[in-house]
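Every read-out reported here was derived from the displayed coordinates using simple, explicitly stated rules and does not represent laboratory data. Please read all numbers here as calculations on a predicted model, not as lab measurements. Cβ coordinates were reconstructed from backbone atoms using ideal geometry, including for glycine residues, and neighbour counts include every protein chain displayed.
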Amino acid sequence: MPDTRARHTAGPDDLTETTEEAPGPGGGSGDRPVSPERLIYFTDAVVAIAITLLALELPVPTGEVHGNSGVLHFLRDHLAEYTAFLVSFWVIAIHWMIHQRLFRYATGLSGGAIRWNLLWLLAIVVTPFTTKLLTSEADAYEVQFVVYAAVQVLTCLFFRLTVRDLRRSGLLDTSDSAEAVSSTMSWLTALSLAFLISIPVAFLTHWASACWALLPAIRAGLRGRSAP
């Protein structure tokens with residue numbers, strides 16, 4: 001007999017949510033959550049590339065620089081770029097640590113979580129560009145600073161939405177790790193607040209980046225408020 005079953009064209013949503021198992025001997029079928037491992041491996045690779053791009057942007061002495069004194073003078077002249085590299089490396093590392101700490105409790109993936117995670121990765125790979133913009137010779141400090149800080153705030157927001165979608169889909173196992181998840185999320189909140197606070201400060205002083213050093217204090221304040 002001809003097959004009269006309707007044919008289905010795969011769309012983007014079919015790549016997420018769940019994968020359907022073939023009917024078993026008993027004729028039944030079940031839904032198996034998509035494993036988060038591939039997304040985790042992909043995320044790790046993209047983060048590694050982003051950090052590598054940061055290093056590739058570091059200025060190095062050229063043939064026009066001569067002698068030890070010339071090299072030292074060159075390094076002093078580009079101290080801002082080297083400092084920005086260390087800050088961005090530190091920031092990306094924190095984002096990655098928060099990601100891997102939370103995703104160890106992911107039991108599967110929802111379509112929304114995958115999309116938010118991809119936007120999180122977009123913000124991560126844009127960070128080398130915003131770092132270069134922040135230290136460029138353009139005379140637009142406020143714009144340069146706000147773009148950098150805003151990207152970091154968006155990075156935090158995208159990951160928070162990723163976690164929210166996992167929770168809403170019942171794919172974040174916090175049965176025996178609620179405290180660890182709460183602690184990690186408070187770090188995410190503190191990081192976003194440190195960058196968010198620095199944005200209006202940038203219109204008052206060129207030392208707005210000092211607000212980022214408040215991260216431990218903000219984290220301690222949040223922890224104190226959540227304590228019983």
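Averaged over residues, the count of other Cβ atoms within 10 Å places the peptides 57-70, 39-52, 162-175, 117-130 in the sequence 117-130, 162-175, 39-52, 57-70, highest first.
With the gyration tensor restricted to C-alpha atoms of the range 108-214, the semi-axes of the equivalent ellipsoid amount to 31, 16, 9 Å, longest first.
Applying 1/(1 + (r/R0)^6) with r as the Cβ-Cβ distance of LEU75 and LEU53 and R0 = 25 angstrom yields a FRET efficiency of 0.75. Its Cα gyration tensor gives the range 155-194 an equivalent ellipsoid. The semi-axes, each the square root of 5 times an eigenvalue, are 19, 14, 4 Å from largest down. In terms of overall dimensions, the range 33-142 has a Cα radius of gyration and Dmax of 18.2, 61 angstrom.
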